[in-house]
1. Using alpha carbon coordinates only, what is the Rg to Rh ratio of the chain, with Rh defined as the Kirkwood radius?
2. Out of residues 5 or more away from Lys186 or on other chains, whose amide H comes under 5 Å of its own, with H placed 1.01 Å from N in the peptide plane?
3. List the lysines whose alpha-carbon lies under 22 Å from that of Lys483, not counting same-chain residues fewer than 8 positions away?
4. Please name whichever of Pro350, Ile331, Gln316 sits farthest to the positive end of the charge dipole of region 304-357, dipole taken about the Cα centre and charges placed at Cβ: Lys and Arg +1, Asp and Glu -1.
5. What's the FRET efficiency of Lys438 with Glu36 using the Cβ-Cβ distance as r and R₀ = 60 Å, to the nearest 0.05?
6. Could you derive backbone 3J(HN,Hα) for region 399-411 from the dihedral phi with the Karplus parameters 6.51, -1.76 and 1.60 (θ = phi - 60°), listing whole Hz in sequence and x where the residue is Gly or Pro?
7. Just to confirm, what accessible area per residue do you get for region 150-258 at 1.4 Å probe, in whole Å²?
8. In Å and from the alpha-carbon atoms only, list the Rg and Dmax of region 132-271.
Amino acid sequence: MSKFTRRDFLKGSTAAGAGLLICGTAATNRVFGANERLRVAVVGVNGRGSSHISGYLEQPNVEVAYLVDPDRDVLDRRLKALEQKVQGKYTCKGVADIRQALEDKSLDAVSIAAPNHWHSLMTIWAAQAGKHVYVEKPMSHDIAEGRVAWEAQKKYKVVVQHGTQARSSAANAGLHQAIHEGKFGKLKVSYGLACKPRNGIGFKEFSEPPANLDWNLWRGPAVIDKFHGNLVHYNWHWFWVTGNGELNNQGTHQLDMAFWAIDPKMTHPLRAMAIGGRFQWNDQGETPNTLFGIAEYPNGQYVFFNVRNVKYNGYQNQVENEYYFEDGAKIVRGLYYAKGSSQGEKISVPAGKVTPGGNFGAFIAACRAGDPMMANGNANQAHHSCTLGHLINNSYRLGKKVPFNAKAGRFGDASDAYEHFMKLHAIMRDGVGVPEDKAEYVVGPWLNFDAQTERFTGEFADEANKLVQDAHRPGFEVPAMDKV
């Protein structure tokens, strides 16, 4: 097992500063024999990346060829752990910069578990280098870069699989096929909930980055001037420049399920809005810990979404999806309730079509076959479900503060939304103890969205279109669609 030295670390940092370019042509889509080893680089190995490593170690004839991380201490720890597991069967190289791994022509795929602000750019670079990609959710940090990642997948014909594990479930595939076929009636509202307890993050002063961290590489495309300890290694989720809040963190899984249920002919919503806030914690974070979002599709179907992270006595953990039909029937917690019935019935539908093997096994199978359509949760699907979250978040980011009371939930002709919002409001008022009229909601505007141009239109278009794509640091720019 090769050791990751300080010299290697400094070489990686220098390469990044030089603004290395990755160029390529369409992948050859080499088909692997059953006994031929497939070589993978895992990028970002502190948290979720460790699960990626474990997932690939379970796959036959797969070699974890590279571990990539800008934190020298984390990288060294993971390399030592991997060495113990593979026991000399092969060696793994540790590098700080993904571009060093992408230069290896014998590398077949990359598996991305870096922070959100890196996901699309790494996906694009890997596609340009002819490598298949497994990318953690969300595939994109903003709308524009997600579309470029999808265009890169199409141009270079690589496999891109999104880290939404629910897409690898045949039961989920069967349920959504049955919904599309009208087995339960016509779907009206597809509802996702990402309600799990979390704590505030306090405040961390600006400081020099730790010596073990390549700060230039960690930031990558994100325009961040100063380091503070709440960025590394998890709380970056709660800052807009690096994360997308809980809605496109845990919520990406439930957003993707919610989008999956919508008529397959639909791509993007025609409008979206949000209401919420960051209650009680009084900390450094920016994203809401409480959110109710709405998105309407051109066919009249809606996605509703609920984020609720603030703890209280009797907290109900809800990380799930619900489905509401035009005749009053619903599917809640896996049971079907006919109109007016309080007695849920067990749902029985045929299993749907997925590539077997779980999320990592399916990805490896798609890579071996060189077939992007075998990915459970491909780049097309990832772009559309992630954009759904971006639209709701963008409304929140443009919102205005109003008194915390039931009147804040005014949704125009989206009448069903008020009922669901009031459930959330009652929990925040009675369970969490947020005092009415002594706290504030942030109420976002309805944002109109053109699915063809992927731009906002209407009253708030100028402000909203500024959020379509983030600014990028020199050397880490996401290319334009026609330049990918």
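1. Reported Rg/Rh, Kirkwood definition of Rh: 0.97.
2. Those lying under 5 Å, H to H, from Lys186 are Glu326, Asp327.
3. Lys131, Lys154, Lys155, Lys157, Lys466
4. Positive-most Cα among the choices belongs to Gln316.
5. After rounding, the FRET efficiency stands at 0.35.
6. So the J values, rounded to whole Hz, are x, 10, 7, 9, x, 6, 7, 4, 5, 5, x, 10, 10.
7. With all protein chains present, region 150-258 gives 36 Å² per residue.
8. Cα radius of gyration and Dmax of region 132-271 are 18.6, 59 Å respectively.
The values are calculated or read from the model by the stated rules, or taken from the named source; none is laboratory data. Model, not experiment: these values are computed from the prediction. Cβ atoms come from the backbone with ideal geometry, glycine included; neighbour counts cover every protein chain shown. Please note that ligands, DNA and RNA were not included when accessible areas were found on the heavy atoms of the full protein model with its side chains. Shrake-Rupley method; radii C 1.70, N 1.55, O 1.52, S 1.80 Å.
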